[in-house]
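Trainee: Provided herewith is a single structure, encoded as structure tokens, for subsequent inquiry.
The values are calculated or read from the model by the stated rules, or taken from the named source; none is laboratory data. The structure presented is a predicted model; accordingly, all values stated were derived computationally and were not measured. Positions of Cβ are generated from backbone atoms using ideal geometry, with glycine treated the same way; all protein chains shown enter the neighbour counts.
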Amino acid sequence: MRYIRITDIDDHGNLRGDDWKTAKRIDKKYALARNDLLFARSGATAGKAFIHKREDGEAIFAGYLIRFRFDETRVNPFFVFYYTLLSRYRLWVQIIQRPSGQPNINSREFKAFEIPLPPPSIQNHIVTIMKFAYAQKKQKEQEAEALLDSIDDYVLTALGIEMPEADERKCFVINANETVGRRVDSFYYQSKFRSVDQIMENVQFDVFNLGALINEISSGATPKVDENYYTDSSGIPFLRVQNVTNYGIDLSDAKFITREVHNGMLKRSQLKKDDLVFTITGRIGSVAVVPDNFEGNINQHSARFHLKNQITNITINPYYVAAFLNSQLGKSLAIREVTGGTRPALDYKALKSLKIILPPIELQNEIVTEIKNCFTKVSELRREADAVVEQAKERVERILLR
């Protein structure tokens, strides 16, 4: 039985599919029924709502959530849920929650929130509008995800590479003369990694160690200061692992540091145009290129490096190198070099040893252009997805005002 926490609910009231959890002890009094509404009562997401649907399966809810059940002869629970996505409810949440280290809205305050109650036919009409809008949003987001998923196949096909099916055998034999360097652990010699070795040996283009392409490199750090070094969004973006994605730098959940810390304590990790930011702990191997006119810094879980303009008469496009490292092949090369126990990581030596396939600059540019075109289409689809929902909300608010 799923254990639903605040963090399992996204901003649109959907249940996230990742990081599924259950509880050690199942108490039936916390079991959810179809059309139960949950409200987050504390934390940064206080006021967030979720409606439990049949397809969500059996579940219980966590202590920082409040459950409401409605008289369905008078109100459509989905009408209430969709009302919580409108601007009036969001404004009420901002006003009512007590500003403190842990914002909070109690059950009495939720019950006191006034909501218009139109006739059932109008409620059902509003629910239909919103469900249709979110179905359109989901379709456009799926199209965007399919485009992003196609990038990996495109990059490898352009390089003339066909990845073999993953060999996940747990039992295999390695002879002593097949070991490399000081690595004698079974993880390093898994069959799926050895097949990658064969690919790299037979590739039709030049192959270099990443270290040979790097002009300068430095890792990030978290400043050791007594006072709070974070500030609001007027400060300098301080990138964490979640901000470095295969599709570029994502500031949707970014932290910001003061300019004094950026310029005084973290000079070595300041980002500049065309730097590659590479995550070296946690979600290892995600790479993003720093765009023009971006000012930022990184914490200790990432490294930044700047590439040479060319090597052995081959010009280097940093966006191509990022695309290769973000490919299935590039990820396999990085993950294989991971060391450490409780905190797996990729050190400088391992990072510099990663193999990079470097085709002529014409093919690099062709790959980069295709990927950028794909990103443009993805951005358009995501904008359209958000616009569909916003238009539906405006339509609903006009209906309620009438």
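Trainee: For region 159-169, give me the residue count where each residue is surrounded by fewer than 16 Cβ atoms within 10 Å (Cβ to Cβ) and on the phi < 0 side of the Ramachandran plot.
Mentor: Summing the residues that are surrounded by fewer than 16 Cβ atoms within 10 Å (Cβ to Cβ) and on the phi < 0 side of the Ramachandran plot in region 159-169 gives 7.
Trainee: Restricting to helices (runs of 4 or more DSSP H) lying wholly in region 190-292: which have 1 or more residues that are among the polar types (S, T, N, Q), on the phi < 0 side of the Ramachandran plot and in contact (Cβ under 8 Å) with a residue 24 or more places away in the chain?
Mentor: Because the criterion is at least 1 residues that are among the polar types (S, T, N, Q), on the phi < 0 side of the Ramachandran plot and in contact (Cβ under 8 Å) with a residue 24 or more places away in the chain, the helices (runs of 4 or more DSSP H) in region 190-292 that meet it are 191-202.
Trainee: Only one of (1) of a type outside the set (Gly, Ala, Ser); (2) surrounded by 16 or more Cβ atoms within 10 Å (Cβ to Cβ); (3) in the same structural domain as residue 325 (by TED's automatic domain parsing) is not met by residue 344, so which one is it?
Mentor: Answer for residue 344: the failing condition is (2).
Let's see how each residue does on (1) more than 24 Å from residue 316 (Cα to Cα); (2) of a type in the set (Phe, Trp, Tyr); (3) under 29 Å from the mean Cα position of the chain (by Cα):
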residue: 193; (1), (2), (3): yes, yes, yes
residue: 196; (1), (2), (3): no, no, yes
residue: 210; (1), (2), (3): no, no, yes
residue: 217; (1), (2), (3): no, no, yes
residue: 222; (1), (2), (3): yes, no, yes
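Trainee: Okay, moving on. Would you confirm whether any residue within region 18-27 is modelled with pLDDT of 80 or more and either touching a Phe, Trp or Tyr at 6+ places or on another chain (Cβ under 9 Å) or of a type in the set (Asp, Glu) (or both)?
Mentor: No, the conditions are met nowhere in region 18-27.
Trainee: Looking at region 187-211, which of the residues that are within 18 Å of residue 164 (Cα to Cα) and among the charged types (D, E, K, R) is modelled with the highest pLDDT?
Mentor: Applying the filter and picking the extreme gives 201.
Trainee: Then there's this: Check whether at least one residue in region 140-153 is in contact with a Ser or Thr (Cβ under 7 Å, 6 or more places away or on another chain) and buried (at least 16 other Cβ atoms within 10 Å of the Cβ), and report yes or no.
Mentor: yes
Trainee: Name the residue, out of 244, 277, 261, 207, that is over 23 Å from residue 374 (Cβ atoms) and crowded, with 19+ Cβ neighbours inside 10 Å.
Mentor: From the options 244, 277, 261, 207, the qualifying one is 261.
Trainee: Also: Those residues that are in a helix (DSSP H, G or I), of a type outside the set (A, V, I, L, M, F, W, C) and over 18 Å from residue 247 (Cβ atoms), I need them from region 127-180; list them, please.
Mentor: Within region 127-180, 128, 131, 134, 136, 137, 138, 139, 157, 177, 178 meet the criteria.
Trainee: Give the residue, chosen from 97, 136, 123, that is of a type in the set (S, T, N, Q), surrounded by 12 or more Cβ atoms within 10 Å (Cβ to Cβ), over 19 Å from residue 394 (Cα atoms) and in contact (Cβ under 8 Å) with a residue 40 or more places away in the chain.
Mentor: So the residue among 97, 136, 123 that is of a type in the set (S, T, N, Q), surrounded by 12 or more Cβ atoms within 10 Å (Cβ to Cβ), over 19 Å from residue 394 (Cα atoms) and in contact (Cβ under 8 Å) with a residue 40 or more places away in the chain is 97.
Trainee: Test residue 63 against the criterion of being at positive phi and in the same structural domain as residue 90 (by TED's automatic domain parsing), and give yes or no.
Mentor: The answer is no for residue 63.
Trainee: Can you say whether residue 353 is touching a residue at least 60 places away in the same chain (Cβ under 8 Å) and under 15 Å from residue 279 (Cα atoms), as far as the supplied structure shows?
Mentor: Criteria not met by residue 353.
Trainee: Next up: Return only the number of the condition from (1) within 29 Å of residue 379 (Cβ to Cβ); (2) more than 28 Å from the chain's Cα centre (by Cα) that residue 247 does not satisfy.
Mentor: (2)
Trainee: Does region 380-392 contain at least one residue that is under 30 Å from residue 234 (Cα atoms), touching a residue at least 12 places away in the same chain (Cβ under 8 Å) and among the basic types (Lys, Arg)?
Mentor: Yes, region 380-392 contains at least one residue that is under 30 Å from residue 234 (Cα atoms), touching a residue at least 12 places away in the same chain (Cβ under 8 Å) and among the basic types (Lys, Arg).
Trainee: Answer yes or no: is there a residue in region 302-310 that is under 17 Å from the mean Cα position of the chain (by Cα) and closer than 22 Å to residue 370 by Cα.
Mentor: No; the residues of region 302-310 include none that is under 17 Å from the mean Cα position of the chain (by Cα) and closer than 22 Å to residue 370 by Cα.
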